[in-house]
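The values are calculated or read from the model by the stated rules, or taken from the named source; none is laboratory data. A quick note: this is a predicted structure, and the numbers were derived from the prediction, not measured. Because the Cβ atoms are built from the backbone with ideal geometry, glycine has one as well, and the counts that use them run over all protein chains shown.
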Amino acid sequence: MDISTQHTDAAASPGAPGPAAHQRAARAVARPGDRIFIGLTRGSGILLLVIMAAIAVFLTYRACLAISDDHGNFLTTFEWNTGLTPPSFGIAVLVYGTVVSSVIAMAIAVPVAVAIALFLTHYAPRRLSGPIAYVIDLLAAVPSIVYGLWGALILVPHMNGLFGWLDKYLGWTGIFSWNGGAPRSMLTVGILLAIMILPIITNVSREVFRQVPRMHEEAALALGATRWEVIRMSVLPFGRSGVISASMLGLGRALGETMAVATVLSPTFEIKASLLDSGGGTFAQNIASKFSEATEFGRDALIASGLVLFVITLLVNGAARLIIARRKEYSGANA
């Protein structure tokens, strides 16, 4: 019998420890700190689920109290009169205003944020990228009420020229027609929200682009690709899922923004085709403006609208997770 056969017999003998025994031994000698850390992380995850479930139960319970006494259609009514007898209120205008303002903000902020992130990571020299990144970080820390005051005192008075230009050249579409009133409209709110979410999307996208494997870029350059071709073929496919995640973070803030929207917008419970005319409203703005003077039933009605915003946010984030999962093969994580 040769040596290899002896080793095989020894490994197959009943008394020899197998892989499962080694794994059990490794678990047995695990440090107490590891077990404590695992327990804390697991408990944190469970606590988060409990908090989310508690919020959902609270919103659903209070919303059912209000909707059961609503004499209108909660989803299609174009008014909010909770003090009348019988009360009538609905979220049609709020859904429209929230979605439209958020879409405008995303359409403006995402391309600009991705362009800034690419400039900082692939074009700007280090002496310039550092200060610019620092300023963007400061923008992310500015409170919402400061953005609102700036929007009301600076942005709104300077929107007349843009609104006049849009009305002159694109007013025939109906979407950009302007009656000459104060520019406290959905377009103004969307521009302000775009400025607010720009730092979030830029910072996350910048960190994602920095994680692109250097070998991918060098290989593309060695094949004769230009800098833009390197970005298009290596950087953007790698960071696609990260950019989507960053966009969803920004969208979450745009959907739930309160004080800045309440300061800039002139709310009315009517849907206007033009983005330049004053009017409309959002969930957060409506809750903030009416909660302090609302009756008990009025607060339940506002909570019902908050439940709808809660569901919309969950659906948006769920859709983002599905998009990221479907495009995982393009993220570059397996390269």
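Here are some notes:
- Residue count for segment 108-122, restricted to those that are in contact (Cβ under 8 Å) with a residue 40 or more places away in the chain and surrounded by fewer than 17 Cβ atoms within 10 Å (Cβ to Cβ): 1.
- The one condition in (1) outside any loop (DSSP other than H, G, I, E, B); (2) without any contact (Cβ under 8 Å) to a residue 60 or more places away in the chain; (3) out of contact with any Ser or Thr (no Cβ under 9 Å at 6 or more places or on another chain) that V204 fails to fulfil: (3)
- Tally of residues being in a helix (DSSP H, G or I), among the polar types (S, T, N, Q) and over 22 Å from the mean Cα position of the chain (by Cα) across segment 71-125: 1
- Highlighted here are the helices (runs of 4 or more DSSP H) found entirely within segment 209-276 that include at least 3 residues which are in contact (Cβ under 8 Å) with a residue 12 or more places away in the chain: 214-222, 236-256, 259-264.
- Test: residue in segment 196-213 that is surrounded by fewer than 21 Cβ atoms within 10 Å (Cβ to Cβ) and hydroxyl-bearing (S, T, Y): no
- Here A246 passes the criteria (1) crowded, with 20+ Cβ neighbours inside 10 Å; (2) farther than 18 Å from L315 by Cα except the one numbered (2).
- Against the test of being under 19 Å from T282 (Cα atoms) and under 28 Å from the mean Cα position of the chain (by Cα), the options S129, S185 yield a single qualifying residue, S185.
- Residues in segment 227-242 that are surrounded by fewer than 20 Cβ atoms within 10 Å (Cβ to Cβ) and under 22 Å from the mean Cα position of the chain (by Cα) were compared, and the one that is farthest from E207 (Cα to Cα) is P237.
- Some residue of segment 149-166 being touching a residue at least 40 places away in the same chain (Cβ under 8 Å) and touching a Phe, Trp or Tyr at 6+ places or on another chain (Cβ under 8 Å): yes
- One residue alone among T295, T313, T282 is of a type in the set (V, I, T) and either modelled with pLDDT under 85 or buried (at least 19 other Cβ atoms within 10 Å of the Cβ) (or both), and that residue is T282.
- The sole residue among G43, G39, G33 that is modelled with pLDDT of 75 or more, part of a helix (DSSP H, G or I) and under 28 Å from the mean Cα position of the chain (by Cα) is G43.
- Test for A141: is it closer than 13 Å to P199 by Cβ and small (G, A, S): yes
- Test: residue in segment 298-319 that is assigned to a helix (DSSP H, G or I), among the β-branched types (V, I, T) and more than 23 Å from L193 (Cβ to Cβ): yes
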